[in-house]
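First the structure, in the form of structure tokens, and then the observations on it.
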Amino acid sequence: MTKQSIQNKKAWEHNAYDFWVKKYGEPSKLAEAISKNPSAYLKKHQAHFRQVEGKSIANICGSNGRKAVPLALMGAKVSVFDISNENKMYALELADFAGVSIDYIVTDVLEIDRQLYSNSFEILYLEGGILHYFSDINKLTSILSDLLIPGGTLVLSDFHPIKRCLTEIPGETHYRMEPAYFDQPLHTGEVAFKKFFAPSQSEDFPEVLVKPHTLSEILNAVIQSGLTIRQFEEHPGWNGENIPWEYTLIAEK
């Protein structure tokens, strides 16, 4: 593994299971809720997964199974590739309580066995803050292209790159613009869930290593991997702010 992957694995295997319990509850409770309406847990991506029964889907960096389990309940054959054993523990318990089976492979995504998994999946699903964990985004998209069968679809959703240029001003409804878009180096940062723990519990949390990418870098990496971009959507802030907060890219092999 690269230095970046080693560090990020260390961070995402530090109290991650406890975090998921804190945020979403015990796997049994979350499984009960998901089972009532699985597609609702795909949120804004529901339209891209309307008919998945029998389809092979790889949830890349699938974390705690919160997307994989709904897809399995909808009849898909789901595999998760993720770097964290703690994520796997929560995800498999979640699947078990939901009465479904998912294949969970703990691996650095950049080290996925291409010979074994090449041309294996009809859909790849990546969502959340993922791309900044990969400095070599061209290598990542090349691997994603290899995993898809001809005619397969990539559903990629991530934080909009412009988001890192905006800093919230306490007590205000507007944001301060920061010159932090181009030429951003690999740097350390807090693992996403550290803030959910009390200071006394989070003092020894390992940091993550992240590399931000511009929108053009992301789009060109997908194109250069041989995939054809069919759709690109920008989404507003989580509280309805009129700011591009996330995006969803649909590409086809």
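Taking the numbered list (1) buried (at least 17 other Cβ atoms within 10 Å of the Cβ); (2) aromatic (F, W, Y); (3) farther than 19 Å from L209 by Cα in turn, F159 passes all entries but (3). The criterion of being small (G, A, S), touching an Asp or Glu at 6+ places or on another chain (Cβ under 9 Å) and assigned to a loop (DSSP other than H, G, I, E, B) does not hold for G151.
The range 1-116 holds helices (runs of 4 or more DSSP H) entirely within its bounds, and those carrying 2 or more residues that are surrounded by fewer than 21 Cβ atoms within 10 Å (Cβ to Cβ) and among the polar types (S, T, N, Q) map to 3-12, 27-36. Only a single criterion out of (1) under 18 Å from the mean Cα position of the chain (by Cα); (2) in a loop (DSSP other than H, G, I, E, B); (3) over 26 Å from N242 (Cα atoms) is not satisfied by S142, namely (2). Got a sec? Which of E172, E190, E178 is of a type outside the set (V, I, T), surrounded by fewer than 16 Cβ atoms within 10 Å (Cβ to Cβ), free of Cβ contacts under 8 Å to residues at least 60 places away in the same chain and in contact with a Phe, Trp or Tyr (Cβ under 9 Å, 6 or more places away or on another chain)? None of the others qualify; the one that does is E190.
On the phi > 0 side of the Ramachandran plot and more than 18 Å from the chain's Cα centre (by Cα) - does that describe any residue in the range 55-73? No, every residue in the range 55-73 fails to be on the phi > 0 side of the Ramachandran plot and more than 18 Å from the chain's Cα centre (by Cα).
Cβ-Cβ distances below 8 Å connect the following pairs, each with a first residue in the range 198-215 that is under 11 Å from L131 (Cα atoms), a second residue that is surrounded by fewer than 16 Cβ atoms within 10 Å (Cβ to Cβ) and among the aromatic types (F, W, Y), and a separation of six or more residues or different chains: T214/Y181; T214/F182.
Say whether the condition of being surrounded by 15 or more Cβ atoms within 10 Å (Cβ to Cβ), part of a strand (DSSP E or B) and not basic (K, R) is met by at least one residue in the range 127-138. No - not one qualifying residue is present in the range 127-138.
Only one of (1) among the acidic types (D, E); (2) part of a strand (DSSP E or B); (3) closer than 30 Å to E13 by Cβ is not met by E233, so which one is it? Looking at each condition in turn, E233 falls short on (3).
Of the residues making up the range 224-246, those that are over 16 Å from E127 (Cα atoms), at pLDDT 95 or above and surrounded by 12 or more Cβ atoms within 10 Å (Cβ to Cβ) are Q224, S225, G226, L227, I229. Restricting the first member to the range 35-54 and to residues that are hydroxyl-bearing (S, T, Y), and the second to residues that are surrounded by fewer than 17 Cβ atoms within 10 Å (Cβ to Cβ), the beta-carbon pairs closer than 6 Å and six or more apart or on different chains are S39/Q46. Scanning the range 110-129 for residues being at pLDDT 95 or above, touching an Asp or Glu at 6+ places or on another chain (Cβ under 8 Å) and of a type outside the set (S, T, Y) gives a total of 4. Is at least one residue of the range 161-175 at pLDDT 95 or above and of a type in the set (V, I, T)? Within the range 161-175, not a single residue is at pLDDT 95 or above and of a type in the set (V, I, T).
The values are calculated or read from the model by the stated rules, or taken from the named source; none is laboratory data. Source: prediction; values computed, not measured. Don't worry about glycine lacking a Cβ; one is built from the backbone with ideal geometry, like all the others, and counts go over all protein chains shown.
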